[in-house]
Amino acid sequence: MGEVIISKHPLVRHKQTFLRSVQTDPPAFRALVRELAQLLFFEAATDLRLEEHTVRTPLTDYPGQMIAERVGLLPILRAGLGMAEAVLDLLPGAQVWHLGLYRDHETLRPVTYYNKLPPVPTIDRAVVLDPMLASGGSAIAAIEILKNWGMKRIQFLGLIAAPEGVEALHTAHPDVAIYLAAVDEFLNDQCYIVPGLGDAGDRQFGTGG
Ligand code: URA
């Protein structure tokens with residue numbers, strides 16, 4: 001059963017407070033997204049599989065270990081991109097896949113408009129990245145695509161969630177562990193998380209007008 005893990009770490013509590021502030025400009029916002037993504041991935045990665053790997057120090061051999069799992073990152077476009085870059089810095093060998101989804105206004109179902117997954121899974125663990133878990137529609141659809149593609153081990157990494165999104169994602173994919181910095185109060189009728197931080201894409205990329 002996947003868990004819902006909300007970080008209690010003081011650094012996470014501190015940084016997500018600044019992330020939300022309307023006074024935080026895009027460069028500072030991007031830096032905070034990056035730091036928070038790394039702090040949350042640090043928690044999500046505690047069970048990465050290791051293999052023995054001996055190196056030679058200037059004095060003698062050292063029987064060390066190296067990460068043996070192949071990890072794939074799936075940022076939900078476009079706000080997940082900053083998180084993917086941050087995790088890639090910690091794990092440069094990770095693959096990054098791009099999957100573009102939008103919600104059809106008539107059917108209200110997510111539609112895939114761009115899919116760059118390789119034909120068959122080439123990794124052991126997939127990490128879906130989206131700073132905002134709002135209704136959960138995109139994350140649920142992305143994870144469905146990953147499962148149909150053959151992925152068994154999937155984690156979701158987000159920064160701020162609405163309770164509605166956590167419940168929807170957990171119900172649709174109970175096996176997927178959800179890592180978050182905070183769960184807020186509610187989703188308003190325009191699908192914004194409240195108190196939230198506004199539009200995470202606009203705030204990262206300076207497109208808010
Ligand atoms: N996406 C965002 O960027 N912000 C929200 O509050 C909800 C979804």
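The values are calculated or read from the model by the stated rules, or taken from the named source; none is laboratory data. The model shown is predicted, which means the values in this text are computed figures rather than measured ones. Backbone-built Cβ (ideal geometry, glycine too); neighbour counts: all protein chains shown. Protein only, heavy atoms only, side chains kept; ligands, DNA and RNA dropped before computing areas. Shrake-Rupley method; radii C 1.70, N 1.55, O 1.52, S 1.80 Å.
Filtered by the rule that a residue be loosely packed, with under 15 Cβ neighbours inside 10 Å and part of a loop (DSSP other than H, G, I, E, B), segment 5-26 gives LYS8, HIS9, SER21, VAL22, GLN23, ASP25. Counting residues in segment 44-57 that are surrounded by 15 or more Cβ atoms within 10 Å (Cβ to Cβ), within 14 Å of the chain's Cα centre (by Cα) and in contact (Cβ under 8 Å) with a residue 40 or more places away in the chain gives one or more. Being touching a strand residue (DSSP E or B) at 6+ places or on another chain (Cβ under 6 Å) and away from the ligand (no atom under 11 Å from the Cβ) is a description that applies to ILE154.
The residues in segment 31-43 that are in contact (Cβ under 8 Å) with a residue 24 or more places away in the chain and open to solvent by 20 Å² or more (accessible area, probe 1.4 Å) can be counted, and the count is 6. Residues in segment 170-198 that are within 13 Å of the ligand (Cβ to nearest atom) and either among the aromatic types (Phe, Trp, Tyr) or part of a loop (DSSP other than H, G, I, E, B) (or both): ASP184, GLU185, PHE186, ASN188, ASP189, GLN190, CYS191, TYR192, PRO195, GLY196, LEU197, GLY198. Identification of strands (runs of 3 or more DSSP E) wholly contained in segment 37-147 with 2 or more residues that are within 23 Å of ALA162 (Cα to Cα) and away from the ligand (no atom under 16 Å from the Cβ) yields 71-75, 125-129.
More than 13 Å from the ligand (Cβ to nearest atom), of a type outside the set (Phe, Trp, Tyr) and surrounded by fewer than 16 Cβ atoms within 10 Å (Cβ to Cβ), is that true of GLU167? Criteria met by GLU167.
Mind checking which residues of segment 58-84 are open to solvent by less than 50 Å² (accessible area, probe 1.4 Å) and either aromatic (Phe, Trp, Tyr) or more than 13 Å from ARG125 (Cβ to Cβ) (or both)?
Answer for segment 58-84, where residues must be open to solvent by less than 50 Å² (accessible area, probe 1.4 Å) and either aromatic (Phe, Trp, Tyr) or more than 13 Å from ARG125 (Cβ to Cβ) (or both): GLY64, PRO75, ILE76, ALA79, GLY80, GLY82, MET83, ALA84.
Of the residues making up segment 138-153, not a single one is among the hydroxyl-bearing types (Ser, Thr, Tyr), open to solvent by 10 Å² or more (accessible area, probe 1.4 Å), within 29 Å of LYS8 (Cβ to Cβ) and in contact with a helix residue (DSSP H, G or I) (Cβ under 9 Å, 6 or more places away or on another chain).
The residue that is surrounded by the fewest Cβ atoms within 10 Å (Cβ to Cβ), counting only those in segment 171-190 that are more than 15 Å from ASP130 (Cα to Cα) and in contact (Cβ under 8 Å) with a residue 40 or more places away in the chain, is PRO174.
Filtering GLY137, GLY198 for residues that are on the phi > 0 side of the Ramachandran plot and in contact (Cβ under 8 Å) with a residue 24 or more places away in the chain leaves a single hit, GLY198.
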